[in-house]
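J.: One structure, as structure tokens, below. Some questions next.
The values are calculated or read from the model by the stated rules, or taken from the named source; none is laboratory data. Because the structure is predicted, anything quoted here is derived from the model rather than measured. Quick reminder, even Gly has a Cβ in these numbers, built from the backbone with ideal geometry, and neighbours come from all protein chains shown. Surface areas here come from the heavy atoms of the whole protein model, side chains and all, with no ligands, DNA or RNA. Shrake-Rupley method; radii C 1.70, N 1.55, O 1.52, S 1.80 Å.
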Amino acid sequence: MNTKFPFDYNHGSPGDPEPLLRPMSPAEPFPVEALPPIMQAGVEGIVGRALVDPALAAQSVMAAWSLVAQAHANIQTIGGGDAPLGQNLLSIAKSGERKTTSDKLASKAIEEHEAALRKAYSAESEKQRVRLNAWQKQEKQILSDKQADRSQTEECLQALGPPPRPPFTPLLTCPEPTYEGLTRLLAEGPGSAGVLSNEGGQFIGGHGMKEEEKKKTASGLSKVWDGDEIKRVRGGDGVQILEHRRVTMHLMAQPGIAAGFLGDAVLLDQGLLARFLVAWPESRMGQRFFREPSRNEIAALSRYHSALKMALALPLPRRPDCGATADPGELYPRRLGLTQGARAALIEFSDWCEALLAPGQVFADSGISGFANKLCEHATRIAGVFTLAENMDATEVSEATTENAIAVARWYADERLRIIEAGAIDPKVQTAEALRAWLFKEWDDPNISASDVAQNGPNAIRNAERAREALELLAEKSWLERLQGGGEVRGRRRREAWRIRREAAP
């Protein structure tokens with residue numbers, strides 16, 4: 001386990017400025033051997049075809065199987081409750097790293113299943129139109145019968161039943177929904193959805209993540225991850241209560257976009273980022289020399305595709321009174337129990353995580369305490385997905401599968417620490433780095449003040465408090481020199497000013 005303290009701001013000498021963003025330490029290989037055989041086959045086949053890092057392929061495979069599994073089961077937790085199997089994943093890679101290719105190979109069966117649903121939807125919509133017309137005609141006849149008294153009319157209407165419901169929207173995935181759009185899909189669709197985007201910037205930079213919408217989106221997505229019911233009261237839409245809906249997310253984004261997302265203070269405070277499993281594999285550009293995939297790799301990808309397709313074809317579990325007295329789109333997932341060995345392994349892992357959350361320990365001091373608090377639940381959910389990937393009819397999780405899930409969860413913890421250690425997602429470091437670049441490229445005066453940054457600087461630093469914090473960090477790293485007693489900035493006296501050490505510019 002990586003236990004390095006990630007925020008080590010050493011004071012550099014005036015002639016030796018320190019970079020704010022440190023190079024990342026080498027990534028540990030993703031523990032592909034801990035995946036179930038069918039998921040290993042998917043990773044092997046994708047790596048063979050796309051020549052991507054196994055971690056990138058594993059993220060896409062995890063997302064695909066989570067989307068399938070989440071509709072069919074919940075998993076028992078060590079506390080006695082149940083947790084959904086939906087996962088939130090974020091894959092970080094530069095443009096050209098073949099994120100899209102990897103994701104398309106992993107989700108080919110999902111695309112084919114959606115195409116089949118769309119084809120069936122057209123035929124079912126026509127049948128529903130005919131049924132609705134017949135229902136409306138019969139309702140009209142009942143209401144127009146002047147010989148019937150009130151009780152007879154009520155009896156006939158009850159026998160007629162509710163109007164035929166439109167078929168489910170034939171959509172399982174959506175790349176950039178607003179929270180309102182997602183809840184509408186969960187209401188009108190089959191109840192299980194995937195926010196799967198190989199261009200994650202569309203979602204991260206979309207309407208739902210704008211400043212005025214961000215808190216609502218983050219809070220809503222956190223509740224969906226938790227498995228809470230969705231309650232919405234709106235003037236135009238009325239009251240909407242959705243129970244037992246499931247969502248899996250997989251966003252694939254470029255480093256700059258992903259860093260801003262992971263360092264967002266609002267998303268951190270709302271707890272959404274603690275619900276994400278993040279992978280930032282090292283670039284393979286310059287190493288992906290062409291080769292034909294081997295017969296084993298082709299066969300492995302074919303097995304993976306067939307297994308995922310068969311799992312998608314299984315009918316979704318519904319309540320016995322579905323469509324009559326129950327919400328037709330409500331899922332009725334069974335419970336995956338924990339064997340005695342599985343529960344013992346998760347308790348031991350939970351205690352290990354808790355010990356590292358104590359003051360002075362790595363999880364507490366690294367800034368990932370929110371994620372670490374949910375690490376045991378992440379492992380539990382992963383164990384559930386692994387179990388159904390091995391056997392969609394399973395009713396309990398084995399100790400061996402749980403140990404494998406814990407190994408994968410620990411890898412995600414190491415990965416989050418590795419990213420933190422480099423300062424890549426520290427919002428203060430990100431802000432200071434943006435200011436440093438702006439000062440050396442755009443600002444023409446030898447000195448600078450917090451008020452000048454707030455008035456003229458980058459859009460992300462348009463208040464004096466954030467500007468002063470960034471300036472102090474740049475001075476600490478020897479990119480600036482604080483002027484004792486203040487100084488002049490563009491001909492105006494400032495009580496607080498810093499000299500830009502342009503001689504230190506690379």
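J.: Give the accessible area for R343 in Å² (nearest 10); use a 1.4 Å probe, count only protein heavy atoms, and leave out ligands, DNA and RNA.
T.: Its accessible surface works out to 100 Å², give or take rounding.
J.: Just add up the charged neighbours of G341: K/R +1, D/E -1, any other residue whose Cβ is under 13 Å from the Cβ of G341.
T.: Values: positive: R343; negative: E348, E396, E399, E403.
Every neighbour counted, the sum reads -3.
J.: Could you derive backbone 3J(HN,Hα) for segment 388-395 from the dihedral phi with the Karplus parameters 6.51, -1.76 and 1.60 (θ = phi - 60°), listing whole Hz in sequence and x where the residue is Gly or Pro?
T.: Going residue by residue, I get 6, 5, 6, 7, 5, 9, 4, 10 Hz, with x marking Gly and Pro.
J.: Could you state the orientation-averaged shadow area of the convex hull built on the Cα atoms of segment 168-220, in nm² to one decimal?
T.: In nm², the orientation-averaged hull projection of segment 168-220 is 3.4.
J.: Within 12 Å, Cβ to Cβ, of W479, how many net charges do the neighbouring residues add up to if Lys/Arg are +1 and Asp/Glu are -1? Show your work: numbers first, answer last.
T.: Numbers: positive: R436, K477, R482, R499, R501, R502; negative: D16, E18, E433, E472, E476, E481, E503.
Around W479, the charge tally is -1.
J.: So, with a 1.4 angstrom probe, what is the percent of accessible area on the chain that is carbon and sulfur?
T.: Solvent-exposed carbon and sulfur of the chain make up 50 percent of the total.
J.: Then there's this: Ordering Y412, Y332 by how much accessible area each has at a 1.4 Å probe, largest first, what is the list?
T.: Y332, Y412
J.: What whole-number value in Å² describes the accessible area per residue of the chain for a 1.4 Å probe?
T.: Accessible surface, normalised per residue, equals 47 Å².
J.: Same structure again: Relative contact order for the chain: what is it in percent, counting Cα pairs under 8 Å that are at least 6 residues apart?
T.: Computed over the chain, the figure is 24 percent.
J.: By how many nm would the segment from T395 to A313 grow when fully extended, if each residue of separation counts as 0.36 nm and the alpha-carbon distance is taken off?
T.: Gain on extension, T395 to A313, equals 27.6 nm.
J.: Let me ask something else. Any idea what the relative contact order of segment 309-367 is, in percent, if you count C-alpha pairs under 8 Å spaced at least 6 apart? Spell out each step's value before the answer.
T.: Values: 25 pairs, mean separation 10.2, N = 59.
17 percent.
J.: Could you sort F168, F290, F261 by their accessible area in this structure, using a 1.4 Å probe and putting the largest first?
T.: I get F290, F168, F261, largest accessible area first.
J.: Between Q128 and S151, what is the FRET efficiency for a Förster distance of 45 Å, r being their Cβ-Cβ separation, to the nearest 0.05?
T.: Using R0 = 45 Å, I get an efficiency of 0.90.
J.: Report the per residue volume, in Å³, of the convex hull enclosing the C-alpha atoms of segment 381-431.
T.: Taking only Cα atoms, segment 381-431 has a hull volume of 80 Å³ per residue.
J.: Provide the FRET efficiency to the nearest 0.05 for the K214-E472 pair, computing r from the beta carbons and using R0 = 22 Å. Could you put the intermediate results ahead of the total?
T.: Details: r = 27 Å, r/R0 = 1.22.
After rounding, the FRET efficiency stands at 0.25.
J.: What does the net charge come to around Q76 if you take all other residues with beta carbon closer than 15 Å to its beta carbon, with K and R at +1 and D and E at -1?
T.: 0
J.: Right, here's the next one. Excluding residues fewer than 8 places away in the same chain, name every one of the lysines whose C-alpha is closer than 18 Å to that of K127.
T.: K119, K137
J.: Within segment 170-317, what is the number of lysine pairs with alpha carbons under 15 Å apart, leaving out pairs fewer than eight places apart on the same chain?
T.: Values: K214/K223; K215/K223; K216/K231; K223/K231.
Qualifying lysine pairs in segment 170-317: 4.
J.: Shifting gears a bit: Distance between the C-alpha centers of segment 49-64 and segment 314-372? Whole Å please.
T.: Segment 49-64 and segment 314-372 have Cα centres separated by 23 Å.
J.: So which GluC sites (Glu not before Pro) in segment 417-475 are both in a DSSP loop and have at most 12 other Cβ atoms within 10 Å of their Cβ?
T.: Loop-located and lightly packed - E442.
J.: Taking the Cα-to-Cβ direction at E139 and at D351 and moving 7 Å from each Cα, how far apart do the two end points lie in nm?
T.: The two pseudo-label positions are separated by 6.1 nm.
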